[in-house]
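Enquirer: One structure coming up, written as structure tokens, with questions to follow.
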Amino acid sequence: MADAVVVGSGPNGLAAAVILARAGLEVEVHEAAGSIGGGCRTAEVTLPGFRHDLCAGAHPMAVASPFFRAFDLAAHGVEMLTPQVSYAHPLDGGRAGLAWLDLERTADGLGRDGGAWRRYFGPLLREWEDLVALIMSDMRHPPLDPAVLLRLDPGIELRAARRLVEQSTPLWDLRFREDIAPALMTGVATHAIRPPRSIPGAGVSMLLGTLAHARGWPVPRGGSQAIADALAADLRHHGGRIITGHRVDSIDEFDSVRTVLLDLAPAELQRIAANRLPGRYAKALSRFQYGGAACKVDFALSGPVPWQARGCERAGTLHLIGSRAEAVAAEKAVAAGHHAESPYVLSIQPGVVDDSRAPAGKHTFYTYAHVPNGSTRDMTEAVTAQVERFAPGFRDLILATNVRTAATMPAHNANYIGGDISAGAMTLRQSIFRPVPRWNPYRTPLPGVYLCSSATPPGPGVHGMNGLHAARHALRREFGIRTDPLDLLAGRA
Ligand SMILES: Cc1cc2nc3c(=O)[nH]c(=O)nc-3n(C[C@H](O)[C@H](O)[C@H](O)COP(=O)(O)OP(=O)(O)OC[C@H]3O[C@@H](n4cnc5c(N)ncnc54)[C@H](O)[C@@H]3O)c2cc1C
């Protein structure tokens, strides 16, 4: 019998499993789907030879997170390819904001708002590692890495707080004089699938916006699956086993296992442990809210997208919505349970740096539109129209499409309730108290059972930090192992 079982093989489940196995435990991972990776999978869903990322596509967090930096993706054979333009934001009339990897070049392209952009991101960029340590912490303890802790300048908290307040209140326009820079910033804030003028939105744009100039927004050669495969290979190398095609229906299956880590949304925890959860905890879990959702539309194209605005052809990621006001209106509609007339579309063109995703000369194009939770609407036409608005002629390049509506998302991954790709709304409360208000959000009241999914701090994204924090608690409490997980990953222990 294994010492530890992990249920779910998303990046957090695999991150936790790798740490536990490196600590010398016998680890088993049970995955419902036929393939590993959860939100980090790649498959041919349109035409043969076209490899599409089914969920996560761009990886600013995977190259910046303490977990992955210690794990070292490159040493595990994952080639991260970094577009020169991290993200672009086209506007009507053939104009666009471009967030280059280079901050100065970005500022130079933003006209009268160049200085404002430089002043917002410059100080954060100089301290980006501290900012990441802060935001990717368990929101309860100081950053794990003692080196970061010793270096930490209390000013970073102040600077971050000032920017959070600015970009979450009516002050948010004061900094800007033109329309491109605010639209560029709002495109990132809207990743949270929340009204962008909010603290979670401001937090997302501060973190991802800084990383755009620090490490870029890379894509892995061959697709996001490469990240999951690297973690799985490391786990197996350290004696771990992965069982796919096994959806766990009851936690009772693992009664004789010392510790169980669940890479699951709270609703799935409730389903598999319903009869055993104490009433108060179960009630708190039921209050956990699921948020706005995504309808994923993948395209196989006969050529690159014909963007009207110069520079967009060099971007890995593009935010398609138009002005700041349009983004606010679209997210307001989604938050109110409606479909926006002109939806926010997040798109990725991996072919800019990775020629392995499609047959020679052809391209894959990744998109998802924000929709209300549980939406059954096929957004292919709405997405196509939004792309066509900024890239006339796009429609003529389409060879095939594949759609996954929000309502069908849970059939692909039970964590994405109603198509909520964050496994829980990123409200201010749920950014900190995730999934319930407890000092240790990873530990459940069931002996030896921990949550390690993105429904715990620090929230969604492919960064492995939820898995790391949960594994650290499980190692300490269940096995008395106090070694820093970062040392285990870096081979220092
Ligand atoms: C459409 C989409 C786009 C995204 N884009 C990005 C992006 O570009 N960049 C980024 O960083 N992040 C992105 N994300 C978010 C990112 O994919 C997730 O935050 C991340 O995968 C969460 O990892 P996890 O390990 O917590 O859970 P998941 O990756 O969701 O994995 C959970 C796993 O548990 C399994 N499971 C569930 N229930 C059971 C059960 N009962 N028994 C056994 N197994 C079970 C599931 O099948 C799944 O494999 C995106 C997500 C989606 C859906």
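The values are calculated or read from the model by the stated rules, or taken from the named source; none is laboratory data. The shown structure was predicted, so the numbers you read here are calculated from the model rather than taken from an experiment. We place every Cβ from the backbone using ideal geometry, glycine too, and count neighbours over all the protein chains shown.
Enquirer: Quickly run through segment 462-483 and pick out the residues that are part of a loop (DSSP other than H, G, I, E, B) and surrounded by fewer than 16 Cβ atoms within 10 Å (Cβ to Cβ).
Expert: Correct list: Gly480, Arg482.
Enquirer: Among residues belonging to segment 255-264 that are within 14 Å of the ligand (Cβ to nearest atom) and part of a strand (DSSP E or B), point out the one that is farthest from Ala23 (Cα to Cα).
Expert: Leu262
Enquirer: Right, Ala133: at pLDDT below 95 and of a type outside the set (Lys, Arg) or not?
Expert: On the way: at pLDDT below 95: yes; of a type outside the set (Lys, Arg): yes.
Yes.
Enquirer: Out of Gly393, Gly374, Gly419, report the one residue that is at pLDDT 95 or above and surrounded by 18 or more Cβ atoms within 10 Å (Cβ to Cβ).
Expert: On inspection, the qualifying residue turns out to be Gly419.
Enquirer: Still on this model: Consider segment 202-254. How many of its residues are without any contact (Cβ under 8 Å) to a residue 40 or more places away in the chain and either part of a loop (DSSP other than H, G, I, E, B) or within 14 Å of the ligand (Cβ to nearest atom) (or both)?
Expert: Adding up the residues that qualify gives 4.
Enquirer: Hey, another quick one. Given the criterion surrounded by fewer than 24 Cβ atoms within 10 Å (Cβ to Cβ) and over 30 Å from Ser256 (Cα atoms), identify the matching residue among Gly34, Gly97, Gly49, Gly57.
Expert: Criteria check complete, one pass: Gly49.
Enquirer: Could I ask something else about it? Only one of these is farther than 28 Å from Ala160 by Cα, among the hydrophobic types (A, V, I, L, M, F, W, C) and in contact with a Gly (Cβ under 8 Å, 6 or more places away or on another chain): Val27, Val85. Name it.
Expert: Val27
Enquirer: Against the condition within 16 Å of the ligand (Cβ to nearest atom), touching a strand residue (DSSP E or B) at 6+ places or on another chain (Cβ under 7 Å) and small (Gly, Ala, Ser), how does Ala470 come out, does it pass?
Expert: Spelling it out, Ala470 is indeed within 16 Å of the ligand (Cβ to nearest atom), touching a strand residue (DSSP E or B) at 6+ places or on another chain (Cβ under 7 Å) and small (Gly, Ala, Ser).
Enquirer: Separate question: Condition check: part of a loop (DSSP other than H, G, I, E, B), out of contact with any strand residue (DSSP E or B) (no Cβ under 9 Å at 6 or more places or on another chain) and either of a type in the set (Phe, Trp, Tyr) or more than 16 Å from the ligand (Cβ to nearest atom) (or both). Does Arg395 satisfy that? Spell out the reasoning first.
Expert: On the way: part of a loop (DSSP other than H, G, I, E, B): no; out of contact with any strand residue (DSSP E or B) (no Cβ under 9 Å at 6 or more places or on another chain): yes; either of a type in the set (Phe, Trp, Tyr) or more than 16 Å from the ligand (Cβ to nearest atom) (or both): yes.
In short, no.
Enquirer: Follow-up. Looking at segment 265-293 only, could you name the residues that are within 11 Å of the ligand (Cβ to nearest atom), touching an Asp or Glu at 6+ places or on another chain (Cβ under 8 Å) and under 30 Å from Ala333 (Cβ atoms)?
Expert: Matches in segment 265-293: Ala293 only.
Enquirer: What residue, among those in segment 436-463 that are more than 17 Å from Asn413 (Cβ to Cβ) and touching a Ser or Thr at 6+ places or on another chain (Cβ under 6 Å), is nearest to the ligand (Cβ to nearest atom)?
Expert: Narrowing segment 436-463 to residues more than 17 Å from Asn413 (Cβ to Cβ): 436-450, 457-458, 463.
Narrowing further to those that are touching a Ser or Thr at 6+ places or on another chain (Cβ under 6 Å): 441-442, 448, 463.
Numbers: Pro441: 13, Tyr442: 12, Gly448: 17, His463: 7 Å.
For segment 436-463, the residue satisfying everything is His463.
Enquirer: Assess whether Gly291 counts as being assigned to a loop (DSSP other than H, G, I, E, B), touching a residue at least 40 places away in the same chain (Cβ under 8 Å) and more than 20 Å from Ala96 (Cβ to Cβ). If you could, list the steps in order and put the result at the bottom.
Expert: Values: assigned to a loop (DSSP other than H, G, I, E, B): yes; touching a residue at least 40 places away in the same chain (Cβ under 8 Å): yes; more than 20 Å from Ala96 (Cβ to Cβ): yes.
Taking the combined requirement at face value, the residue satisfies it.
Enquirer: Only one residue in Ala96, Ala75, Ala32 is touching a strand residue (DSSP E or B) at 6+ places or on another chain (Cβ under 9 Å), away from the ligand (no atom under 11 Å from the Cβ) and among the small types (Gly, Ala, Ser), so which one is that?
Expert: Ala96
Enquirer: Considering only residues that are of a type in the set (Ser, Thr, Tyr) and modelled with pLDDT under 95, look in segment 424-455 and name the one that is farthest from the chain's Cα centre (by Cα). Break it down into steps so the answer makes sense when it comes.
Expert: Taking segment 424-455 as the starting set, the residues that turn out to be of a type in the set (Ser, Thr, Tyr) are 427, 431, 442, 444, 450, 453-454.
Right, trim to modelled with pLDDT under 95 and you get 427, 431.
Values: Thr427: 16, Ser431: 14 Å.
Only one residue fits best here, namely Thr427.
Enquirer: Using beta carbons and a limit of 7 Å, which pairs, at least six apart or on different chains, have the first residue in segment 414-430 and under 15 Å from Leu269 (Cβ atoms) and the second one among the hydroxyl-bearing types (Ser, Thr, Tyr) and assigned to a loop (DSSP other than H, G, I, E, B)?
Expert: Hits for this filter: Asn415/Ser453; Ile417/Tyr290; Ala423/Tyr416; Ala423/Ser453; Ala423/Ser454; Gly424/Tyr290.
Enquirer: I want to confirm something. Restricting to segment 341-359 and keeping residues that are of a type in the set (Ser, Thr, Tyr) and within 22 Å of Ser323 (Cβ to Cβ), which single residue is nearest to the ligand (Cβ to nearest atom)?
Expert: For segment 341-359, the residue satisfying everything is Ser347.
Enquirer: Working carefully through the options Ser65, Ser86, find the one that is within 14 Å of the ligand (Cβ to nearest atom), polar (S, T, N, Q), crowded, with 24+ Cβ neighbours inside 10 Å and farther than 27 Å from Leu399 by Cα.
Expert: Testing whether each residue is within 14 Å of the ligand (Cβ to nearest atom), polar (S, T, N, Q), crowded, with 24+ Cβ neighbours inside 10 Å and farther than 27 Å from Leu399 by Cα leaves just Ser65.
Enquirer: Inspect segment 2-21 for any residue being over 26 Å from Ser347 (Cα atoms), at pLDDT below 95 and away from the ligand (no atom under 12 Å from the Cβ) and give the result as yes or no. Please lay out each step first, then the result.
Expert: Filtering segment 2-21 for residues over 26 Å from Ser347 (Cα atoms) gives 2-8, 13-21.
Then keep just the ones that are at pLDDT below 95; that gives 2.
Those still in the list that are away from the ligand (no atom under 12 Å from the Cβ) too: 2.
Yes, segment 2-21 has at least one match.
Enquirer: Related question: Return the total of residues in segment 424-434 being at negative phi and either within 12 Å of the ligand (Cβ to nearest atom) or polar (S, T, N, Q) (or both).
Expert: Number satisfying all stated conditions: 5.
Enquirer: From the list Gly94, Gly109, which residue is touching a residue at least 40 places away in the same chain (Cβ under 8 Å), at positive phi and over 20 Å from the mean Cα position of the chain (by Cα)?
Expert: Testing whether each residue is touching a residue at least 40 places away in the same chain (Cβ under 8 Å), at positive phi and over 20 Å from the mean Cα position of the chain (by Cα) leaves just Gly94.
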